[in-house]
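The structure under discussion appears below in the form of structure tokens.
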Amino acid sequence: SSGINAEYGIPQGVENEVAMQLIIQHVKRELDRRGKVTRSRVSRSDVMIAEHPLPQSLVILPSTSEVKVLLTIIRDRETSRDDFIFYSQRLMRILLEHTLTFLPVAQDCVTTCRGDQYQGVAFTEKLCAVSIVRAGEVMETAVHSIVKDISIGKILIQTCHETGEPALHYLRLPYSIANMHIILMDATLATGAAAMMAIRILLDHDVPEENISFVCMIASKPGVQAIAYAFPRVRIIMGELDPDIDEMFHICPGLGNFGDRFFGTG
């Protein structure tokens, strides 16, 4: 494709089945060769690592009264859809503002309106926000509100109903992504399988591991441990950490299906 983004699209009903199969085979081969971690493998590894200390790469949003109120509202099953959208978006902005404090800066001297010199700082790298579709997309509005003209990428990973494993369906990333600091966004983190596939894809596009910050509102401890074990230099930034996941891979206590509650589906 041409333009600023590179993308693989696999739409339904494509007549050129040979071309489509070549794309699918290429993506699957590359993911397998580079060590794709599937949902079931992640779940089994969680049993072994769940009791490990929390990783140093983990950053939890300070539990102020404001943050706790927002988390309480979005966790409440009685919260209306309108309130769920409003207060989750408010929490996203707070979380993403906090994320910016961990990005690298360098000294920057500017001249004020009085003609005086001011010694400040500026970000040293271009930023790119990559959303894991669909729940991660809702964070794009928040990131646009705090970072002007930020580049946006998208990764669509869906669970295969036959196997229960995550599968890549769509990818769009800026060509220059290897030279950017990445804010990888998803609303929640359960097993960590989709997030790890997304991180692996970014690494395959030559993004340094230490240049990736994964951001979510709520995560399970097993999911955090799984990401930290596989990618120890990826910073994980979240609103609150929940202790476990159930047999259906749902976060406990969690907040339900974020996408269904936000979009009014399900």
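The values are calculated or read from the model by the stated rules, or taken from the named source; none is laboratory data. Model, not experiment: these values are computed from the prediction. Just so you know, the surface numbers come from the protein's heavy atoms only, side chains and all, with ligands and any DNA or RNA stripped out. Shrake-Rupley method; radii C 1.70, N 1.55, O 1.52, S 1.80 Å.
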Next item on the list: Please report how far the C-alpha centroid of region 154-176 lies from that of region 184-206, rounded to the nearest whole angstrom.
Entry: 10 Å
Note to self: Just to check, using Stokes-Einstein with a Kirkwood Rh over alpha carbon pairs, what's the diffusion coefficient of region 139-249 at 37 °C and 0.692 mPa s in µm²/s?
What the structure shows: 223 µm²/s
Next item on the list: Starting at the first residue of region 166-175, write each ³J(HN,Hα) from the Karplus equation 6.51 cos²θ - 1.76 cosθ + 1.60 with θ = phi - 60°, in whole Hz, x for Gly and Pro.
Entry: x, 9, 7, 10, 7, 8, 9, 9, x, 4
Check: Can you tell me the accessible area per residue over region 50-119, all protein chains present, probe 1.4 angstrom, in square angstrom?
Finding: 67 Å²
Check: Amide H neighbours of Ser151 under 5 Å, counting only residues 5+ apart in sequence or on other chains, H built in-plane at 1.01 Å?
Finding: Leu127, Ala129
Note to self: Eigenvalues of the Cα gyration tensor times 5, then square-rooted: what semi-axes does that give for region 87-157, in whole angstrom, largest first?
What the structure shows: 30, 13, 10
Next item on the list: For region 177-189, just list the computed ³J(HN,Hα) in residue order, Karplus coefficients 6.51, -1.76 and 1.60, θ = phi - 60°, integers in Hz, with x standing in for Gly and Pro.
Entry: 5, 5, 9, 10, 9, 9, 9, 8, 10, 8, 5, 9, 9
Next item on the list: Pull up all non-local amide H partners of Leu103: gap of 5 or more, or a different chain, and H-to-H distance under 5 Å with H placed in the peptide plane.
Entry: none
Next item on the list: Can you send over the carbon and sulfur percentage of the accessible area for region 139-266, probe radius 1.4 Å, protein chains only?
Entry: 51 percent
